[in-house]
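The values are calculated or read from the model by the stated rules, or taken from the named source; none is laboratory data. Please read all numbers here as calculations on a predicted model, not as lab measurements. Neighbour counts are summed over all protein chains in view; Cβ atoms, including those assigned to glycine, are modelled from backbone coordinates with ideal geometry. Accessible surface areas use protein heavy atoms only, side chains included; no ligands, DNA or RNA. Shrake-Rupley method; radii C 1.70, N 1.55, O 1.52, S 1.80 Å.
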Amino acid sequence: MSKYILDTDHVTLFQHNHPKIAQRAKTVGGSNIFVTTVTLEEQFRGRLAGINRVATQPEKLAIAYKNLRKTLVYFCNVNLLDFNDEAYNCYQNLRQQKIKIGTQDLRIASIGLANEAIVVTRNYKDFSKVPNLSVEDWTQ
């Protein structure tokens, strides 16, 4: 069975119970679905920025911290793939090829290549620029 890496957008949609993503995840099985530490970073940065935005609004601050905790719990219960030495080497190789996509997406793609995984994303326009990377969109 293939490994599937959900990009940050698909993780967010999955967390909000997107019906097509939930169905596809059920079909492939949780043991075959992975999330990268890059997505972990992106979600935590977003949660921390949210806390900072509402720091002077006590009625919203509790919700922001609750969301941070929900994010932590989510990542404690998923299969995480690291941006390890092999992914770093792929990343450097792609940068030398001057692949024109965002840094975080390029890191996710590198983890995908290093793990021979399929990256699940709606951002086919950018991820398809990465040679030899398999890409799927579970929202369609």
*Quickly run through the stretch 12-29 and pick out the residues that are of a type outside the set (D, E, K, R) and either free of Cβ contacts under 8 Å to residues at least 40 places away in the same chain or in a loop (DSSP other than H, G, I, E, B) (or both).*
12, 14, 16, 17, 18, 19, 22, 23, 27, 28, 29
*Have a look at 79, 32, 93, 52 and point out the one that is within 15 Å of residue 7 (Cα to Cα) and free of Cβ contacts under 8 Å to residues at least 40 places away in the same chain.*
32
*Considering only the stretch 33-43, state which residues are open to solvent by less than 30 Å² (accessible area, probe 1.4 Å), in contact with a strand residue (DSSP E or B) (Cβ under 8 Å, 6 or more places away or on another chain) and assigned to a helix (DSSP H, G or I).*
39
*For residue 73, which of the numbered conditions (1) over 16 Å from residue 36 (Cα atoms); (2) surrounded by fewer than 12 Cβ atoms within 10 Å (Cβ to Cβ) fails to hold?*
(1)
*In the stretch 100-114, what residues are of a type outside the set (Asp, Glu) and crowded, with 19+ Cβ neighbours inside 10 Å?*
106, 107, 108, 109, 110, 111, 112, 113, 114
_Take the conditions open to solvent by 40 Å² or more (accessible area, probe 1.4 Å) and of a type in the set (Ser, Thr, Tyr) and apply them to residue 65. Does it pass?_
yes
